Amino acid sequence: MDDVELMLALTGRLEAAGLDQRKLPRRLLPEVALQDCRAIHGPCLDLRLPNPPKDAKKRVRLFWEDEEKPPADDTPRAVLRDGLRRFHDMGLPVEEESGLLLPALYAVLMTKPGELLEDMGKHAWTWAVSLDEASPLVPVLDILLVAPVLEMSVAKTLGRLFAVPAFTEPFPSDALLWTSSPGLALPRMAFELGIPEVSTRDQAITPDLLDWVGMHTRMHLSAAARDSTADLDVEETDRAEGTDSPQKEPAERRKSVREAVRQKIRKASDGTAAGSRRSDCSIERIWNADGSSVIRISTDTPLGQELKQGLESQIDAFREKFGREPAPGDPLFFNLDADEPTRMTKDDFDEILLRMAERAAEMGVDPAFFHAWREVGYVVTEETRSGFTTAEVIAFNRALARHQEACE
């Protein structure tokens, strides 16, 4: 039933009759149904960890000596090394605190530019436990999750990571997506069922926007949480950094370790963004704490000048089409067939990319570039790379490679 008035009338009658208050079986209550759920509690502390390989010490030494910037491949090993290098530059004790390993991996792989570093500990844990237990990356993440609780050293943790094949293999595709942000599950299910668009109170969501919507939600919630704890007592904060006693319950130990890691990152970050390496590119996306963003385009470079001329031409096209100056709410890229300024739909843009792919050879461009753009919903170039996460860059590059192979 999709009639709103009928649903409201039915809801009122159900409530009046008490039919909406029947007790659920105990086995369906969250306390019972989710008691062994990895997404709620994380891995078991008695998890059987793999024995490190015989050459573990050599591998760990080479790991720290690796100077590749950015990562030379799309493996957890390379991304973790880059994350630890960034944390080290911030003054964090990355060679002594195993609790910084998971946030370092997450900070490079998943954070959008502008997502605050003080959120890394909480977001990293949530991302890690939300992956499907069948994912080949789970053994890597479980080691990173339990290491600080078991008070394992960084060297021993790395040694055990090298015993897991997934640590030195490319990231599985499922690990490049956030799966636990509020509001993502229903739209994702709708897209899997073939529904092209989901309308929410704030906006219409298409598959290519799903991850961005989740990121905005996370940043909004984090900002609200910071506001509610702004007057946290300093003495209470310092106490959270203490080491838990062995007698504490596993859940309390995990919580205390996560809080200690979060406080260390928070103090070192001083409210700075995760994308702490400022880009020298002509295009840069600047994120605000509430999830909004602006794109800064430098006109001091040839590419910046070219983009400026393109935007000015688009404004001229708007004036010619509608006979007036564009208003603040008008779309810059609009439907040419509409009588009023109307935003281009995803289907409109996909059609443009298909036409560009057909003419790519004339322009001296690989057509796979446009097909990959259409598949993932964005395009990554050397100039725009700084505005994307490593996960997004990996996803685009993989799509590009697939279409290049298909075009051969």
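Computed from the coordinates by the stated procedures, all read-outs in this text should not be read as laboratory data. Just so you know, these numbers come straight off a predicted model, no measurement behind them. Quick reminder, even Gly has a Cβ in these numbers, built from the backbone with ideal geometry, and neighbours come from all protein chains shown.
General remarks:
- 5 angstrom amide H check on L116, placed H, neighbours 5+ away: A274
- Which listed pairs, of K308/K346; K112/K308; K58/K156, have C-alpha distances above 18 Å, in listed order: K308/K346; K112/K308
- Segment 8-81-segment 328-365 distance, computed between alpha-carbon centres (Å): 40 Å
- Relative packing of 150-163, 353-366, 73-86, which averages over residues the other C-beta atoms within 10 Å, highest first: 73-86, 150-163, 353-366
- Integer Hz, Karplus 6.51/-1.76/1.60 couplings in order for segment 157-163, x for Gly and Pro: 5, 4, x, 6, 4, 5, 7
- For segment 335-342, backbone phi angles converted through the Karplus equation (6.51, -1.76, 1.60; θ = phi - 60°) give residue-by-residue couplings of 6, 5, 8, 7, 6, 10, x, 10 Hz, Gly and Pro being listed as x.
- Phi-derived couplings, Karplus 6.51 cos²θ - 1.76 cosθ + 1.60 at θ = phi - 60°, listed residue by residue for segment 84-94: 5, 5, 5, 5, 4, 5, 8, x, 7, x, 5 Hz, with x used for Gly and Pro.
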